[in-house]
Amino acid sequence: MSSNVPDDRRYTPSHEWVQRQADGSIAVGITDHAQHALGDLVFVEVPTAGRRVAVGEACAVVESVKAASDVYSPIAGDVLEGNAELAATPERINTDPYGAGWLWKLKPTNAADLEALLDARAYIALLAAAAD
Amino acid sequence: MGLRTPLYARHVALGARMVDFGGWDMPLHYGSQLEEHHAVRRSAGMFDVSHMRVVDLEGARTREFLSELLANDVGALVAPGKALYSCMLNEAGGVLDDLIVYYRDAAHFRLVVNAGTADTDVAWIRARAPAFTVVVRERRELALIAVQGPQARAQAAALLPAPDGVAALALPRFAGCALPASGPDHFIARTGYTGEDGFELMLPAERAVPFWDALLAAGVRPCGLGARDTLRLEAGMNLYGHDMDAHTTPLESGLDWTVAFGAGRAFVGRAALEAQRAAGVKRRLVGLVLEDKGVLRDQQRVLVAGLGAGEVTSGSWSPTLERSIALARVPAATPARVQVEVRGRLLEARVVKPPFVRDGRARVAL
């Protein structure tokens with residue numbers, strides 16, 4: 001399956017995306033590849049505002065009919081907001097993983113940490129290598 | 001590469017996500033297993049179940065043979081075409097498989113058995129059939145398509161030659177008939193594994209694709225194994241290998257109702273079941289509705305205050321109820337509330353008597 005990988009954001013090997021927002025906050029979600037692998041999502045747990053998270057810390061859970069998956073924070077920071085809409089409509093992650101399916105927003109401890117993450121080309125290469 | 005049904009190329013062409021199921025390459029879903037589930041509850045969906053095994057038994061003593069082989073009583077099959085759901089047990093009362101047996105005529109019965117156990121089932125049957133001079137014929141050249149949902153029978157029957165359509169619609173529940181105008185070896189039954197009304201059609205492999213395409217053109221939705229599992233779980237139907245296996249008896253699997261202990265009928269496993277009943281059955285299969293947020297999954301531990309633990313045998317999400325449900329094997333005296341260990345936390349669940357959904361509506365208080 002060729003998945004959608006927009007080049008307006010960064011990625012991690014564990015299939016999270018990270019995008020700087022206009023107000024300086026960082027939004028995090030899971031990629032099209034990840035939502036496709038999980039299947040229909042039925043339950044999502046997002047972190048609460050105020051929580052301090054470390055890079056690589058499990059902060060959210062996405063559960064499909066098939067399996068539950070932890071979502072890890074790509075960078076360190078303080079959670080500003082978890083996407084409250086996902087409680088009622090978890091399927092947004094399936095239909096719009098890069099938009100309305102955002103999981104949480106945080107204030108980064110160090111905004112430059114974003115630059116260390118994979119760009120779209122590197123993530124596409126990673127997906128291609130894994131598919132072999 | 002696994003075994004492939006005659007409809008394999010169709011599943012791939014429809015964009016199915018294919019998975020291995022007991023050695024077969026089968027469609028998990030065609031895009032959304034939740035939508036496929038809803039299609040079956042609301043209109044009609046179709047399933048390729050050609051991986052299941054059709055076994056025809058022929059001979060004057062076939063009924064006598066099956067009377068001994070099966071835990072349920074084929075003596076109940078009086079009208080030609082009538083079907084029965086039964087377990088086939090080993091001598092210890094453990095379940096070798098669950099199956100449906102169809103009475104075709106006085107010297108001919110048909111069994112449909114699960115894909116994963118088909119080879120061992122047939123070996124077991126072949127070992128015992130000669131004593132009754134019963135001939136065992138596997139019908140591996142037949143494909144099976146299940147069409148299920150409130151519109152299923154009407155839509156499927158409309159695609160058959162008129163006399164066959166009439167015969168199919170006249171079938172009572174749990175009965176089948178041949179479709180002579182459609183051709184040899186066509187057989188349709190008003191049975192299914194979804195809790196909805198519908199048909200299961202057995203037909204020559206080379207006719208499977210044309211019939212599938214005709215159903216598709218008529219608007220019947222292709223549905224995969226994912227939806228099949230959530231549908232049968234809502235309907236409170238057991239899945240072999242999960243809710244029961246060779247080490248569990250029907251009495252501890254919610255299948256007491258499928259065992260006929262009528263006077264004088266010897267059947268394989270009877271003595272073991274009677275001994276278990278006399279001693280008191282220690283465990284039973286129950287339904288669970290998860291009250292906290294989360295999803296119940298197979299093998300999670302069920303904690304029962306004062307009585308110890310049980311385990312989830314089939315856990316999943318109920319798209320109709322919009323919460324997680326499960327079947328679980330627990331101590332016999334388990335009361336109305338339990339806790340389940342889900343991803344390291346103890347969540348609250350309510351014990352219910354399945355089915356969870358019937359005729360498209362919740363059967364348990366929410």
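The values are calculated or read from the model by the stated rules, or taken from the named source; none is laboratory data. Note that the structure is a prediction, hence the values are computed from the model and not measured. Note: ideal-geometry Cβ built from the backbone for every residue, glycine included; neighbour counts use all protein chains shown.
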- Item | Unmet requirement for A:Asp23, which otherwise passes all of (1) within 13 Å of chain B (Cβ to nearest Cβ); (2) farther than 28 Å from B:Val19 by Cα; (3) at pLDDT below 95 | (1)
- Taking only the stretch A:34-70 into account, find how many residues are among the small types (Gly, Ala, Ser), surrounded by fewer than 18 Cβ atoms within 10 Å (Cβ to Cβ) and either away from chain B (no Cβ under 14 Å) or farther than 18 Å from B:Leu296 by Cβ (or both). 6
- Item | the stretch B:1-24 residues that are within 14 Å of chain A (Cβ to nearest Cβ) and touching a residue at least 40 places away in the same chain (Cβ under 8 Å), paired with ones that are small (Gly, Ala, Ser) and in a loop (DSSP other than H, G, I, E, B) (beta carbon under 7 Å, 6 or more apart) | B:Ala16/B:Gly224
- Filter the stretch B:328-351 for residues that are among the small types (Gly, Ala, Ser) and more than 14 Å from chain A (Cβ to nearest Cβ); the one that is nearest to the chain's Cα centre (by Cα) is B:Ala328
- Sole residue being farther than 24 Å from B:Leu159 by Cβ, outside the structural domain of B:Ala106 (by TED's automatic domain parsing) and over 21 Å from the mean Cα position of the chain (by Cα), chosen from B:Gly15, B:Gly2, B:Gly23: B:Gly2
- Specify the residue that is surrounded by the fewest Cβ atoms within 10 Å (Cβ to Cβ); the eligible residues are those in the stretch A:74-97 that are within 14 Å of another protein chain (Cβ to nearest Cβ) and assigned to a loop (DSSP other than H, G, I, E, B). A:Ala88
- The listed residue being touching a Ser or Thr at 6+ places or on another chain (Cβ under 7 Å), over 14 Å from B:Ser50 (Cβ atoms) and assigned by TED's automatic domain parsing to the domain that holds B:Tyr85, out of B:Phe174, B:Phe109: B:Phe109
- Query: Among the residues of the stretch B:260-281, is any within 20 Å of B:Val352 (Cβ to Cβ) and either of a type in the set (Gly, Ala, Ser) or touching a residue at least 12 places away in the same chain (Cβ under 8 Å) (or both)?
  - Reply: yes
- Task: Could you give me the residue pairs with C-beta distances under 8 Å whose first residue belongs to the stretch B:290-305 and is within 14 Å of chain A (Cβ to nearest Cβ) and more than 17 Å from B:His242 (Cβ to Cβ), whose second residue is aromatic (Phe, Trp, Tyr) and outside any loop (DSSP other than H, G, I, E, B) wherever it lies, and which are 6+ apart or on separate chains?
- Result: B:Lys293/A:Phe43; B:Gly294/A:Phe43
- Message: Quick check on the stretch B:215-223. Is at least one of its residues within 14 Å of chain A (Cβ to nearest Cβ), closer than 17 Å to B:Phe47 by Cβ and not in a strand (DSSP E or B)?
- Response: yes
- Message: The conditions are (1) under 19 Å from the mean Cα position of the chain (by Cα); (2) more than 30 Å from B:Gln148 (Cβ to Cβ), and B:Ile325 fails exactly one of them. Which is it?
- Response: (2)
- Message: Looking at the stretch A:36-81 only, could you name the residues that are in contact with a Cys (Cβ under 8 Å, 6 or more places away or on another chain) and among the aromatic types (Phe, Trp, Tyr)?
- Response: A:Tyr72
- Sort through B:Val113, B:Val135, B:Val78, B:Val95 and tell me the only one that's within 22 Å of B:Cys177 (Cα to Cα), in contact with a helix residue (DSSP H, G or I) (Cβ under 7 Å, 6 or more places away or on another chain) and aliphatic (A, V, I, L, M). B:Val113
- Item | B:Leu285 vs. criteria assigned to a helix (DSSP H, G or I) and either modelled with pLDDT under 95 or not polar (S, T, N, Q) (or both) | no
- The lone exception for B:Ser314 - which of (1) part of a loop (DSSP other than H, G, I, E, B); (2) of a type outside the set (D, E, K, R); (3) within 14 Å of chain A (Cβ to nearest Cβ) it fails: (1)
- Query: Can you name the residue in the stretch B:230-267 that is over 20 Å from B:Val281 (Cβ atoms) and out of contact with any helix residue (DSSP H, G or I) (no Cβ under 9 Å at 6 or more places or on another chain) and, of all such residues, is nearest to the other protein chains (Cβ to nearest Cβ)?
  - Reply: B:Leu233
- Task: Consider B:Ala227 carefully, then state whether it is within 14 Å of chain A (Cβ to nearest Cβ), of a type in the set (A, V, I, L, M) and outside any loop (DSSP other than H, G, I, E, B).
- Result: yes
- Tell me, yes or no, whether the stretch B:73-88 has at least one residue that is over 18 Å from B:Thr194 (Cα atoms), within 14 Å of chain A (Cβ to nearest Cβ) and either aliphatic (A, V, I, L, M) or surrounded by fewer than 21 Cβ atoms within 10 Å (Cβ to Cβ) (or both). no
- Considering residues of the stretch B:32-72 that are within 14 Å of chain A (Cβ to nearest Cβ) and outside any loop (DSSP other than H, G, I, E, B) only, the residue farthest from B:Val259 (Cα to Cα): B:Glu35
